[in-house]
Amino acid sequence: MTSSPLLDLPGAVSGDGVDAPVAAHYGSFNTEQRALEQGDGFVDLSHREVIRIAGPDRLTWLHSLTTQHEEALGSGKPTMALILSPQGHVEHAMYGADDAESETFTAHVEPGQAQPLIDFLLKMRFMMRAEIDDVTADTAVTWRPAKREGVPFDGYEFVPRDRLTAYAEAAGPAAGTWAFEALRIARGEARMGLDTDHRTIPNEAGWITTAVHLDKGCYRGQETVARVHTLGRPPRRLTLLHLDGSENRLPARGSEVFNGEKAIGFVGTSARHHELGPIALAMLKRNVPVDATLAVDGIPAGQEVVVDPDAGLHVRPNLRG
């Protein structure tokens, strides 16, 4: 992925890792966080990859493959859907919306994940009237604070890539991924492949209310999701960690989390929140006491529940973010 043209904006500092092609901030990530919380500005996520599925059978086909009720998806309504392994482990996560008029479903995924998703979908197409294309070269992803209260994933937008600079001029002020990530982590919203691993099931990551429709028909991995939801005890649980700010650093992603001398999970993404201070998401064993003080990468950390270890359900209503 080539670097975003918005890295030429005043004050832009590029990100790192998978977020390197876009700006981490434009001079003050704390100011940028506050602006986004107040409903102002936008975030350049043009490094995310975009696929487009076109044809009259697209929603019926996706409905049969994913965790989401795609057949009932209204035109223009944003959604998140997962594709699971037969054992219920999350293999793909996509965010998108359908356009009934043009008979197209457009979705965005993490950098580097479009082709693996397309390869899987092509193997499962059979006789369905649906065409799949990687349109990343022509279509960019941005995010703006949601305008519709209570509509999950309402902030994502698709922008013609050759119009990205003009979009920024109209949608500013620009905010970087550091601000975006801090707000996402504070919402307890997991990021596929960064806050999850190859063993993650939707129940552990807090995706039951946002990406899984529990009343739809069969799909691959459904038995695991339904069983864990009914029993209410996921093997692991996503947790928001409040890190000791005196260390003046963030833990390395993937570092083990310890309860005393016992390793009980791993840390995912982390950020500095303008109000909460340093925070991170971690995947922990279910039976870790929620009031235990933990340590990650040598940093003491307290817990805030995201996925309830007993009920396996969300306990915070704002996770749809």
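Observations on the structure shown:
- Subset tally (residues that are in a strand (DSSP E or B), within 18 Å of the chain's Cα centre (by Cα) and within 22 Å of His198 (Cα to Cα)) for the range 254-273: 5
Quick grid of which residues meet (1) surrounded by fewer than 20 Cβ atoms within 10 Å (Cβ to Cβ); (2) of a type in the set (Ser, Thr, Tyr):
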| site | (1), (2) |
| --- | --- |
| Ser270 | no, yes |
| Glu275 | yes, no |
| Ile279 | no, no |
| Met283 | no, no |
| Val288 | no, no |
| Ala292 | yes, no |
| Val296 | no, no |
| Pro300 | yes, no |
| Glu304 | yes, no |
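- Among the residues listed as Asp154, Asp133, the single one being in contact with a Pro (Cβ under 6 Å, 6 or more places away or on another chain) and in contact (Cβ under 8 Å) with a residue 12 or more places away in the chain: Asp154
- Any hit, the range 76-86, residues being among the basic types (Lys, Arg) and over 22 Å from Val135 (Cβ atoms): no
- Qualifying residue in the range 153-167 (condition: buried (at least 18 other Cβ atoms within 10 Å of the Cβ), modelled with pLDDT under 95 and not small (Gly, Ala, Ser)): yes
- Scanning the range 47-60 for residues that are outside any strand (DSSP E or B) and either acidic (Asp, Glu) or crowded, with 23+ Cβ neighbours inside 10 Å (or both) yields a total of 2.
- Residue in the range 88-146 that is modelled with the lowest pLDDT, counting only those that are under 29 Å from Gln38 (Cβ atoms) and part of a loop (DSSP other than H, G, I, E, B): Ala146
- Checking each residue in the range 76-94 for being over 16 Å from Arg227 (Cα atoms) and either of a type outside the set (Ser, Thr, Tyr) or in contact with a strand residue (DSSP E or B) (Cβ under 6 Å, 6 or more places away or on another chain) (or both) picks out Gly76, Lys77, Pro78, Met80, Ala81, Leu82, Ile83, Glu91, His92, Ala93, Met94.
The values are calculated or read from the model by the stated rules, or taken from the named source; none is laboratory data. Nothing here was measured: the structure is a model prediction, and the numbers come from that model. When we count neighbours, we look across all protein chains shown, and the Cβ atoms used for this are built from the backbone with ideal geometry, even at glycine.
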